[in-house]
1. What is the percent of Cα-Cα separations in segment A:126-183 that go past 19 Å?
2. Counting C-alpha atoms alone, how compact is segment B:147-219: give Rg to one decimal and Dmax as a whole number, in angstrom.
3. Sort B:87-100, B:197-210 by the packing proxy (mean of other Cβ within 10 Å over each peptide's residues), most packed first.
4. If one computes P(r) from the Cα atoms of segment B:37-226, what percent of pairs lie at distances over 28 Å?
5. Take peptide A:254-260, look around each residue's Cβ out to 10 angstrom, count Cβ atoms belonging to other protein chains, and average those counts.
6. Per residue and in Å³, how big is the convex hull formed by the alpha-carbon atoms of the protein assembly as shown?
7. Suppose each label sits 7 Å from its Cα in the direction of the beta carbon; what would the residue B:183-residue A:229 distance come out to in nanometres?
8. Note down the Stokes-Einstein diffusion coefficient of segment B:140-268 in µm²/s, whole number, using a Kirkwood radius over alpha carbon pairs, 20 °C, and 1.002 mPa s.
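Readers should treat all values here as calculations from the given coordinates under stated rules, not as data from a laboratory. Every value quoted in this text rests on a predicted model; they were computed, and no experiment measured them. Because the Cβ atoms are built from the backbone with ideal geometry, glycine has one as well, and the counts that use them run over all protein chains shown.
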Amino acid sequence: MAAGMNLPFSQRGPAPLWSGGPAPGQFHDFPNKGNSCSSVQLPINKTRQPIVMGTSVVGIKFSGGVVIAADTLGSYGSLARFRSVSRLMKVTDSTVVGCSGDYGDFQDTKGHLDRMIISERCHDDGHGYTPRGIFSYLTRVMYYKRTRGEPHWNTWAVGGCKDGEPFLGYVDMIGVAYESPFVATGLGKYYALPLMRDAAEQVAKEGRELTEEVAVDIVKRALKVLLYRDCRTINKYEFAIATEEGVRIEGPLALDTNWDVAQYVK
Amino acid sequence: MAEDQSSDCFSFDLFERNEKLKRDGFKVPKAIKTGTTIAGIVYKDGVVLGADTRATEGSVVADKNCAKIHYLAPNMYCCGAGTAADTENVTSLTSSKLTLHRLYTGRETLVSTALRMLKQYLSRYGGHVGAYLVLGGVDKTGPRLFTVHAHGSTDTLPYVTMGSGSLAAMSVFEDRYRPNMEKEEAMLLVRDAIASGIFNDLGSGSHVDLCVITKGKVEYLRPFDVANKKGERAGDYSYKPGTTAVLNVDIRKFDVVDEQVTAVAMET
């Protein structure tokens, strides 16, 4: 409302011709001017706390590619709210990513990745994104957002197979990024990693090859332990395999659990 | 008549004074924790207990080969995680109490007796006695396995793990435990669980100790598996005679002419 409304008639100046805009003869002041280097301020987009969350993602490299798996739960705090949510994404025919943490941030990045891939395809110049390229992109985006103080509250497992060479990497919400033959996020780091590392070591010790079948079996064992011991999981999961042939996502599947020990608990 | 309660549990009368001292710069010594992976399972003939052997003081290894499987009675042993002094002393105290109890009753101790003593003691100290235990043994009721937390809660389970490496160890158990395993298989499973903690948890390390308890027999295997052997030094820094060329040899003998021994008076 006009500023001088409460003053007596004689003390009021002329009412402004319009409100919110520049005074006649003055330059228009953009909102929040002087707060940043650029003259145009983007809206603040901080993830201060994750809301709908995905739990662990596990991944393992085998002799012809990689397998990444995750359950299909989007938790809303302690409520198992969204029970059929896919946390794996086929990025290209050579790369697949799995995401844990805030689901909204995952969808945002998913959108960016999709648009990136489409625009790359439009170039139609014989080039495409390699798994390492996607990994690098995610690393830089995650670290950039972290530096700006508006992190994407996610942890990524990036897997792929290009020119016969398997790739598996991990990217964190603080921009920690590394390649490893075994990758796990969240509670998977404590439950799945020891199991997967040991299982692969056993296979090597017995002189067997770590084939796709063996790798998928190891990943299923890891997911089973997580189902037993992680409160924020459900018995429904997907897994993705990236090999020279391409990327395929299988699921949703259920895990067999063994509750025989229950009768021994007095 | 006012009862003197102070002998039964900790007195916190000096808490405010201690807080002030801390604010004024007094350096509180860090408690030695055991970091730890401890585990136990019930198998066909009894129980198998296992533990790693690293004791940590903050992020420093205080003891590379400490013993975390404590004697309680001829038929039961107790693994301890948490504050090293607390686990050591609470098991030692309970062991003494059990000996007296055995003399009084004239019978082999029941594992649940030790459990009751431990949980009532720890509960009284409100969790301040930082002892997290895996208690296992065999008595007339059969093989018994329990966990005890510092606040005094207990669990009765066929397989248990405690300590910072407990998740890594539990991962192995959840993957491979079956009821009524044979002895060799059971020992290997516990060894693998502890090894999982040793190699994946920074608070655990060094070797695997095992304790196999059956009716009438205890095998205390320390170490069961030397998982981290100290490396042999690869380089040799000794110099062979002749490395430095000898240019000249000059030997002078000193003849002892006179020897005098006197007492020097103390300074006053």
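1. In whole percent, the long-distance tail amounts to 30.
2. 13.0, 37
3. B:197-210, B:87-100
4. 17 percent
5. Shielding by partners across A:254-260 averages 1.
6. 500 Å³
7. Between residue B:183 and residue A:229, the label points sit 2.9 nm apart.
8. Stokes-Einstein gives a translational diffusion coefficient of 102 µm²/s.
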